[in-house]
Amino acid sequence: MMQNKSTEIFVGMFVAAGLAALFMLAMKVSNLGDFTDETGYQVTAEFENIGGLKVRSAVTMAGVRVGRVASINLHPVTYNAEVTINMYPQFDNLPLDTSASIYTAGLLGEQYIGLVAGAEEEFLQDGDVIDLTQPALVLEQVIGQFLYSKAEGDE
Amino acid sequence: MPLVKIRDLHFYRGNRAIFDGVNIDIERGKVTAIMGPSGTGKTTLLKLIGGQLRPHQGTIEVDGQDVHKLSHSQLYELRKRMGMLFQSGALLTDLNVYDNVAFPLREHTDLPESLIRDLVLMKLQSVGLRNARNMSPNELSGGMARRVALARAVALEPMMIMYDEPFTGQDPISMGTLVNLIHRMNDAMGLTSIVVSHDVAETAEIADNIYLLSDGKIIEQGTTLQLKHSSSQWVQQFMQGLPDGPVPFHYGGRDYADDLLNPEENA
Amino acid sequence: MINLIRSLGRWGLGTFERQGRAHLFLFNMLLGIPGLFLRFSLVVQQLFSVGVLSILIILISGLFVGMVLGLQGYNTLVDFGAEESLGVLVSLSLVRELGPVVSALLFAGRAGSALTAEIGLMKSTEQLSGMEMMAVDPIRRIIAPRFLAGIIAMPLLAAIFSAVGILGGFLVGHGLLGVDDGAFWSQMQAKTDLYDDILNGVIKSVVFGFVVTWIALFEGHDATPTSEGVGRATTRTVVHSAFAILGLDFVLTALMFGDE
Ligand SMILES: Nc1ncnc2c1ncn2[C@@H]1O[C@H](COP(=O)(O)OP(=O)(O)O)[C@@H](O)[C@H]1O
Ligand SMILES: [Mg+2]
């Protein structure tokens, strides 16, 4: 009986340690923290090209994360990429003419959407559309344009 | 009506017939011995009776029920009323003596722990090992292990008990103890006992009825006295332990002289 | 020639028969599991021998694997000026692959072989047979609790392995090599996904726990009841478990992470 009791204690400690490890993986290692405050409002933006943007990519303003990409679709008429963004609820005072661009974090990093505030008095609300957008830089295009303009300049 | 009724039993291992048409009746309240040389299938017979093996032909009835026609749960119900003492004792090595004897009670009853304690101590007292209850099975001698296994086998008060070679490898004192115990258990508890053995003297001492088994068949059957005066040479050789007779000393095969003269044939 | 074909045929039939027995065995084990919730103390006892006794080797191995990942990862990343990504590298390697796989391999060696030896020995000393004759089904009483304990213990052990490994990677990366600790954790958090990475890692380890415990118990139960037979069964448990873990890992990885 005595031995039984210590067995139970050890097993209890083992299970607690395992659950604690799982908890640590979920909270400290993964992006679970970002999911907790996700019930904000949604806005959409159309881009000519989104490059390597993915669902759940970050949306930032001045480097501060203000939301996340919720879904990406192809617009049936314009053939642009239609990106739906989940904005965190505390950022409910962004001007209506806020613009969105797609940037790359570092040389090889992930792509994200950077927002720049406009000057309107009215704020973005659920269902609004961001009209001012700038597509992702595609490296081949940039290099192509560079070479092209250099060739022109030489003439 | 006999408690165990075996009719036309056939059982094979590969191509070899272990049983080839065997009929046995085990009478209620009696000690029945089944004897035969090693490897004839005595253990196999007990496993057939217990429903752990299936016969290829024939029937085995225990208390009026055909063992091999029962459902899984019916078979397990029947086994609660059958005790079996394995050759090795088969005690659970991770439990001590007390918990081994308590095991069937805890598995099959909802008795309170205080009552289980009384029952376990009573069973252990009857095999003389009440004070060994805190020992672990690997601290026990072979004879003690078998006595503990006996206490465990009778814990659920079964109607019958099967002993597989209870005397093999025992010193004379524990042999005597076991003979005595089997006899006492049978009479005091109104048990039916089946003793499988090749120890002639000890078995003859307690058996009311003896079956002699050889080569898949019952060679002879009767009381000890009847067997001792059997006209069969084979029975005489077995009962008296003679080295040569119908069962030859030499395993069958080529002639000795032939073997010596043609050594290359072995390679 | 004919003999060769015959022995090939016999081998094939034998393999099929064994597979059949193994699956029947699994089926019986699964049948025994519901009853365990009434007698959970049986499972707790097995969690001790399967889980608690494996924890030391898991802790030590996890720590060292994480530290080595930290060192090796740093040396590669520093060439690209991307040493801030060390946290990602360590966490994804551990959570997706090394945690489930290495801890399952250790589990097979530590707990799996012990289970096979224990069951094999119980068989050869007629304890299982004896239990059957006491009208106690050994599959339900002995085997099923061990099976459930293995399935519960494996993901916990893998999580401990990964967590300790990440700490080991952090100790080396931050403490020894001077990677910024904020960057280490924030990059890790940005790129490690709860569902895609952590949950899939847990699913992997549950599958590994299931398969390793199944193999171990079946080998023990199917062992030739001699000391040599039990020895061979124990070896087979470790070898077959390793094959099963690595093969299944490939399949699961292709299913889980393939469509990205
Ligand atoms: N599991 C088994 N597989 C194959 N043959 C077996 C098995 N068990 C027993 N045998 C064979 O069956 C015969 C009878 O065995 P057993 O009943 O143990 O004999 P006994 O108890 O009379 O000494 C022996 O020849 C033995 O080799
Ligand atoms: Mg035998």
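State yes or no: is C:Leu38 more than 23 Å from the chain's Cα centre (by Cα), surrounded by fewer than 18 Cβ atoms within 10 Å (Cβ to Cβ) and free of Cβ contacts under 8 Å to residues at least 12 places away in the same chain? It is true that C:Leu38 is more than 23 Å from the chain's Cα centre (by Cα), surrounded by fewer than 18 Cβ atoms within 10 Å (Cβ to Cβ) and free of Cβ contacts under 8 Å to residues at least 12 places away in the same chain. So the check is Cβ under 6 Å with 6+ separation or different chains; which pairs have a first residue in segment C:117-130 that's at the interface with chain B (Cβ under 9 Å from one of its Cβ atoms) and a second one that's small (Gly, Ala, Ser)? If the second residue must be small (Gly, Ala, Ser), the pairs left are C:Thr125/B:Ser88; C:Glu126/B:Ser88; C:Glu126/B:Ala90; C:Gln127/B:Ala90; C:Gly130/B:Ala90. When C:Val206 is tested against the conditions (1) within 14 Å of chain A (Cβ to nearest Cβ); (2) in contact (Cβ under 8 Å) with a residue 60 or more places away in the chain, the lone failure is (2).
Checking C:Phe16, C:Phe64 one by one, the residue that is part of a helix (DSSP H, G or I) and under 19 Å from C:Glu219 (Cα atoms) is C:Phe16 and no other.
Would you check if C:Gln72 is surrounded by 12 or more Cβ atoms within 10 Å (Cβ to Cβ) and within 14 Å of chain A (Cβ to nearest Cβ)?
no
Starting from residues that are touching a residue at least 60 places away in the same chain (Cβ under 8 Å) and within 16 Å of ligand 1 (Cβ to nearest atom), keep the ones in segment B:46-94 and report whichever is surrounded by the most Cβ atoms within 10 Å (Cβ to Cβ). The selected residue is B:Leu85.
Enumerate the strands (runs of 3 or more DSSP E) found wholly within segment B:112-222, keeping only those where 1 or more residues are of a type in the set (Asp, Glu), surrounded by 15 or more Cβ atoms within 10 Å (Cβ to Cβ) and touching a Ser or Thr at 6+ places or on another chain (Cβ under 7 Å).
Details: elements: B:160-164, B:192-197, B:209-214, B:217-222.
Correct list: B:160-164, B:217-222.
Checking each residue of segment C:192-202 against the condition of being more than 23 Å from the chain's Cα centre (by Cα) and not in a helix (DSSP H, G or I) gives no match. When B:Ala102 is tested against (1) closer than 17 Å to B:Val31 by Cβ; (2) at pLDDT 90 or above; (3) of a type in the set (Gly, Ala, Ser), only condition (1) is not met.
Among the residues making up segment C:1-59, those that are among the β-branched types (Val, Ile, Thr) and farther than 15 Å from C:Gly150 by Cα are C:Ile2, C:Ile5, C:Thr15, C:Ile57.
In segment C:69-106, how many residues are more than 23 Å from the chain's Cα centre (by Cα) and in a helix (DSSP H, G or I)? Adding up the residues that qualify gives 17.
Of the residues that sit in segment C:183-200 and are facing chain A (nearest Cβ under 8 Å) and under 17 Å from C:Leu171 (Cβ atoms), which one is surrounded by the most Cβ atoms within 10 Å (Cβ to Cβ)? Talk me through it step by step, then tell me what you get.
Here is the first cut: in segment C:183-200, the residues facing chain A (nearest Cβ under 8 Å) are C:185, C:188-194, C:197-198.
Narrowing the set further to residues that are under 17 Å from C:Leu171 (Cβ atoms) leaves C:185, C:188.
Values: C:Trp185: 17, C:Met188: 26.
Out of the qualifying residues, it is C:Met188.
Annotation note: Cβ proximity below 8 Å between a residue of segment C:135-153 that is within 28 Å of A:Met13 (Cβ to Cβ) and a residue that is acidic (Asp, Glu) (sequence gap 6+ or interchain) occurs for C:Arg141/B:Glu107.
Only one of C:Gly32, C:Gly51 is surrounded by 14 or more Cβ atoms within 10 Å (Cβ to Cβ) and within 26 Å of C:Leu199 (Cβ to Cβ); which?
Values: C:Gly32 fails: within 26 Å of C:Leu199 (Cβ to Cβ).
Checking each option against the conditions leaves just C:Gly51.
Quick check, is A:Glu120 more than 18 Å from the chain's Cα centre (by Cα) and either assigned to a helix (DSSP H, G or I) or surrounded by 11 or more Cβ atoms within 10 Å (Cβ to Cβ) (or both)? Against the criterion (more than 18 Å from the chain's Cα centre (by Cα) and either assigned to a helix (DSSP H, G or I) or surrounded by 11 or more Cβ atoms within 10 Å (Cβ to Cβ) (or both)), A:Glu120 qualifies.
The values are calculated or read from the model by the stated rules, or taken from the named source; none is laboratory data. In this text, all values refer to a predicted model and were calculated from it rather than measured experimentally. FYI the Cβ positions are ideal-geometry reconstructions off the backbone, even for glycines, and counts take in every protein chain you see.
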